[in-house]
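One structure below.
Please treat every number below as a calculation from the coordinates, not as lab data. What you see is a predicted model; the values in this text were computed from it and never measured. Cβ atoms come from the backbone with ideal geometry, glycine included; neighbour counts cover every protein chain shown.
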Amino acid sequence: MELPKRSHILGAGFELPRTVVTNDELSAVLDTSDEWIHQRSGIRERRYVDDGEGSSALAERAARKAIAAAGLEPGDIDLLICATLSPDVDFPGNSSFIQQRLGLAGILAFDVRNQCSSFLYMLSVADQYVRTGGARHVLVIGSEVHSSGIEYADRSRHVTVLFGDGAGAVVVGASPDGERGLLTINLHCEGAYADKLCLLGPGSLRKPRLALDWTPADIYGWPQMDGRFVFRHAVKRMGECIEEALAVIGASKDDIRMLLPHQANLRINQLVAMGLRIDDERMANNIERYGNTTAATIPILLAETLDAGRIHDNDLVCLAAFGSGFTWAAALLRW
Ligand code: ACO
């Protein structure tokens, strides 16, 4: 059997909850304002699931759309990789639940945990499986339900206003012509700054692990972030990583036709784009409508940008992310 020279994204889909939560609505429960949130982050609104809906339900719906967009049936999938920092339950990982929901009993399924960079980490794994003949069609899914895990209190307002719920998925398979597809993917991790953006509980450092003495007043159960520190590193690392990826394939900044950056803060993306001399025409953002959906962000943005007809055959597409860990990554694909 001849092995594929390259992998490509064969189809993409996304799913967002119907309920829109505006900045004004958050301002009714937190000491914040539409003006502050929009000016600092670019966000106007985000989506929240109904009570009782978890991230695997969103994942299933996004996955079905991605499989259909690839012109395939669920039964064509032979590997499922998913990521979330908001799984349905603490263990097992969402991959088991999504496999079951899609009726894919028996196929290999596992979780990746790299927060906002997860999609690109998963893409690199999918690429390896496809190019080494380990799988023909890899379903890659990011899905998050943040709304049930953020603190609606003023001390967390800088975190809470940023996050929304959603899911995005792609199918990765062999490049149809062996030329188009994933050209390079560059991944990084710097554990020294893990405490700058984290959620401590539930964790094995504490006994009992589920911290039965935890009360909502204890920060243990809520995400913590040093916003300014994260912001500075995100701008620097995403820019660097994109340049590194361009160097690997011998391309220049001007060759990028579409930049799809992670959506943590519109100001971060504008600074990264400025450094690369990329104008609005060559960049897509949707943070204004959805906030940060962590592992789901890039596949949602990719699916939306494809649906809008903004990516054309042979375009050089750049995907870039930065997030908790710290982790960051950039990928270049010839579409
Ligand atoms: N509403 C009103 N005021 C607020 C809010 C809010 N929601 N949040 C913070 N403030 C106040 C602060 O208390 C502070 O007040 P002070 O000057 O009286 O002390 C002031 O606004 C400025 O606070 P900063 O934190 O310095 O504001 P900044 O301009 O840095 O914006 C933000 C904060 C939006 C969080 C920004 O730092 C940011 O986006 N950081 C990066 C986030 C990110 O990239 N995360 C990574 C991905 S997430 C993942 O991987 C899971």
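Taking amide H as placed 1.01 Å from N in the peptide plane, the amide H of residue 163 sits under 5 Å from that of 292, each at least 5 places away or on another chain. With respect to the chain, whose longest principal axis is taken over its alpha-carbon atoms, helix 55-69 is tilted by about 20°. Close amide H pairs (under 5 Å, H built 1.01 Å from N) link residue 112 with 82, 83, 84, residues at least 5 positions away or on another chain. Roughly what angle does helix 118-131 make with the longest principal axis of the chain, taking Cα atoms, 0 to 90 degrees, to the nearest 10? Taking Cα atoms only, the helix is inclined about 20 degrees. Using R₀ = 22 Å, calculate the FRET efficiency as 1/(1 + (r/R₀)^6) where r is the Cβ-Cβ separation of residue 38 and residue 153; round to 0.05. Given R0 = 22 Å and the Cβ-Cβ separation, E is 0.55.
Please report, in cubic angstrom per residue, the volume enclosed by the convex hull of the alpha-carbon atoms of the chain. Don't jump to the answer; show the numbers that get you there.
Details: hull volume 44.4 nm³, N = 335.
In the chain, the Cα hull volume divided by residue count equals 132 Å³.
Which shape class, rounded, prolate or oblate, goes with region 122-246 when its Cα gyration tensor gives a ≥ b ≥ c as root eigenvalues, a/c under 1.5 marks rounded, and past that a/b bigger than b/c marks prolate? Please report the intermediate quantities before stating the final value.
Working: a/c = 2.40, a/b = 1.82, b/c = 1.32.
It is prolate, given that a/c is not under 1.5 and a/b is the larger ratio.
Between region 59-83 and region 100-172, what is the separation of their alpha carbon centroids in Å? Each part's Cα centre sits 13 Å from the other's.
For the peptides 174-180, 141-147, 262-268, residues were scored by their other Cβ atoms within 10 Å and the scores averaged per peptide; the highest-first order is 141-147, 262-268, 174-180. The charge dipole of the chain, taken about its Cα centre with unit charges on the Cβ of Lys, Arg, Asp and Glu (plus for the first two, minus for the last two), comes to roughly 580 debye.
Spherically averaged projected area of the convex hull of Cα atoms, region 1-106: 10.1 nm². Here the 3J(HN,Hα) profile of region 236-244, calculated from phi with Karplus coefficients 6.51, -1.76 and 1.60 at θ = phi - 60°, is 5, 5, 5, x, 4, 5, 5, 4, 4 Hz, Gly and Pro shown as x.
What is the diffusion coefficient of region 182-334 in µm²/s, taking the Kirkwood radius over Cα pairs and the Stokes-Einstein relation at 37 °C with a viscosity of 0.692 mPa s? All intermediate terms of the calculation are to be shown ahead of the outcome.
Working: Rh = 16.7 Å.
My calculation gives 196 µm²/s for D.
Placing a pseudo-label 7 Å from each Cα along the Cα-to-Cβ vector at residue 313 and residue 206 gives an inter-label distance of 5.6 nm. The trypsin sites (Lys or Arg not before Pro) found in region 1-54 that occupy coil by DSSP, while having at most 11 further C-beta atoms within 10 Å, are 18.
Packing here is the average count of other Cβ atoms within 10 Å per residue, and on that basis the peptides 120-127, 310-317, highest first, run 120-127, 310-317. Our coupling estimate for region 151-156, obtained by passing each phi through the Karplus curve with A = 6.51, B = -1.76, C = 1.60 and θ = phi - 60°, is 8, 8, 9, 4, 5, 10 Hz, Gly and Pro reported as x. Taking Cα atoms only, the orientation of helix 266-276 departs from the longest principal axis of the chain by about 40 degrees.
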